[in-house]
Amino acid sequence: MDYQIHGYEEADYRPAVAPPTESIFIPGTQIEIIRPIDSPGVYRHVLFDFDGTLSLIREGWPDVMIPMMVEILLATGTKETPQELEGLVRNFVTELTGKQTIYQMIRLAEEVTRRGGQPLQPAEYKRIYHERLMARIAHRREGLRSGRIKPAEMLVPGAIELLEELCRRGVTLYLASGTDQVYVQEEARLLGLDKYFGPHIYGAIDDYKRFSKAMVIDQILTSNRITGRELLGFGDGYVEIQNVKEVGGTAVAVASDEAHKSGKPDPWKRQRLIGVGADVVIPDYREWRALIRYLWGEIRVPTG
C-alpha cells in the first residue's frame, strides 16, 4: 500500500547550518544571537507556531505516541523486542516532529507493512493517537474551562507579555500549527490567545496536502504584498523556522523546556533549530523586553 505523498509535501529535517563556535548573547540575558539580523524594525507580520511555542497543553505528547506505535508494531509478530522498537519509533517520531501529525502516522503504516502486517489507514492511526492524547490532557483542558487552571500555567512563560507588546507595535499576528485546526482554535480560546490572532489561526485539516505552514506564509506575503524581510517567525519546530528562512524572514527559535519551564533552553531543540537557520534562540519569553528591543534595532549586540 502506497502512502507516499505525490503533491505538496513538507520537507523532512535536513540540517544545513553548523552550530556557532562561540555563543553571543544579549548582555545579561539568555537570548542567543546566532547571526545578526539584517532587517530590524521592519516587521509588519509575525507568525507563531502553537504547541511548545505558546501552548503547553499538549506537553508530553511523545509519551502517548511512542508507546502506541510500539504496541502496534509488536502486534505484527515481529521478533524485535519492545526496547528495540521503542528506539526505532523514538528516532522517527523525533525526526518528523514539527510536521503535521499525519506524517508520523504515515511512517507508522510503512513500518507495519515492512513487518508483514496489514496497516490501518494513517488517518485511523491518527484518530487512535488523538483519543489517547485527549485522555492524557483532559484534566488540563477541563481545568482551563472551569478556571481551576489559570492560562498562564499552560503557556510558555512571558507569552502574553510578548503578544501584548507586538500588538502595541502594530503588527499583525498569525498562528499556524500542525495540530488539527478545530483543536488549535479551541485551545487558543482556552488560553485567551484568540483575541491576539483573530481570524488568523490555522491548523491541520483532513486533506493534509492542502495545508502547510509554507502555504500560510505564502498567503501572508501574497495577500499583504510584502517581501519576506517584513516577516518575523517564532517556533520550537524546524518546519516553521525553515519556512520563514526560505522566504528571507527572521526566525526566532523557541527552545522551550516544556516539562519544567526552567528558563534554560532545551539543548536538543536548540541544536535542531540552529541547524535549519534560526537567527535567534530563546528559552522562553521572560526576557521579552530585551528581545523586542533587539529585533526592532533599539539595542545592538557586540559581535566579537
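Structure notes:
- Close contacts from the stretch 267-289, counting a first residue that is more than 21 Å from LEU162 (Cα to Cα) and a second that is assigned to a helix (DSSP H, G or I), with Cβ to Cβ under 6 Å and a gap of 6+ residues or different chains, come to ARG272/TYR238; VAL276/TYR238; VAL276/ILE241; VAL276/GLN242; GLY277/LYS245.
- Cβ-Cβ distances below 7 Å connect the following pairs, each with a first residue in the stretch 37-54 that is closer than 20 Å to PHE197 by Cα and touching a residue at least 24 places away in the same chain (Cβ under 8 Å), a second residue that is of a type in the set (Lys, Arg) and open to solvent by less than 20 Å² (accessible area, probe 1.4 Å), and a separation of six or more residues or different chains: ASP51/ARG58.
- Qualifying residue in the stretch 82-95 (condition: open to solvent by less than 30 Å² (accessible area, probe 1.4 Å), without any contact (Cβ under 8 Å) to a residue 40 or more places away in the chain and among the polar types (S, T, N, Q)): no
- Single residue of the stretch 60-112 satisfying the filter (in contact with a Gly (Cβ under 7 Å, 6 or more places away or on another chain) and of a type in the set (S, T, N, Q)) that is farthest from HIS139 (Cα to Cα): THR76
- Candidates ILE57, ILE66, filtered to the one that is assigned to a loop (DSSP other than H, G, I, E, B), at pLDDT 95 or above, aliphatic (A, V, I, L, M) and in contact with a helix residue (DSSP H, G or I) (Cβ under 8 Å, 6 or more places away or on another chain): ILE57
- From the list LYS126, LYS150, the lone residue that is more than 17 Å from THR53 (Cα to Cα) and either surrounded by 21 or more Cβ atoms within 10 Å (Cβ to Cβ) or in contact with an Asp or Glu (Cβ under 6 Å, 6 or more places away or on another chain) (or both) is LYS126.
- Summed over the stretch 161-198, the residues that are in a helix (DSSP H, G or I) and either open to solvent by less than 40 Å² (accessible area, probe 1.4 Å) or farther than 22 Å from GLU230 by Cα (or both) give a count of 18.
- Looking only at residues in the stretch 70-79 that are without any contact (Cβ under 8 Å) to a residue 24 or more places away in the chain and touching a helix residue (DSSP H, G or I) at 6+ places or on another chain (Cβ under 8 Å), the one that is farthest from ARG107 (Cα to Cα) is LEU74.
- Lone unmet requirement of (1) at pLDDT below 95; (2) crowded, with 21+ Cβ neighbours inside 10 Å; (3) closer than 25 Å to GLY263 by Cα for PHE48: (1)
- Within the stretch 51-76, the set of residues being closer than 19 Å to GLN242 by Cα and open to solvent by 10 Å² or more (accessible area, probe 1.4 Å) comprises just one member, ASP51.
- For the condition farther than 30 Å from GLY263 by Cβ, of a type in the set (A, V, I, L, M), open to solvent by 20 Å² or more (accessible area, probe 1.4 Å) and touching a residue at least 40 places away in the same chain (Cβ under 8 Å), ILE102 does not qualify.
- Strands (runs of 3 or more DSSP E) (entirely within the stretch 199-304) containing at least 3 residues that are open to solvent by less than 30 Å² (accessible area, probe 1.4 Å), at pLDDT 95 or above and in contact with a strand residue (DSSP E or B) (Cβ under 7 Å, 6 or more places away or on another chain): 231-235, 250-254, 280-282
- Condition check for PRO62: over 30 Å from TYR285 (Cα atoms) and either out of contact with any His (no Cβ under 9 Å at 6 or more places or on another chain) or not hydrophobic (A, V, I, L, M, F, W, C) (or both): no
- Test: residue in the stretch 27-43 that is over 23 Å from PRO267 (Cβ atoms), touching a Ser or Thr at 6+ places or on another chain (Cβ under 7 Å) and loosely packed, with under 12 Cβ neighbours inside 10 Å: no
- The set of residues from the stretch 184-207 being touching a helix residue (DSSP H, G or I) at 6+ places or on another chain (Cβ under 9 Å) and more than 21 Å from CYS167 (Cα to Cα) comprises GLU186, GLY203, ALA204, ILE205, ASP206.
The values are calculated or read from the model by the stated rules, or taken from the named source; none is laboratory data. Just so we're clear, the structure is a prediction, and the values are computed from it rather than from any experiment. Positions of Cβ are generated from backbone atoms using ideal geometry, with glycine treated the same way; all protein chains shown enter the neighbour counts. Protein only, heavy atoms only, side chains kept; ligands, DNA and RNA dropped before computing areas. Shrake-Rupley method; radii C 1.70, N 1.55, O 1.52, S 1.80 Å.
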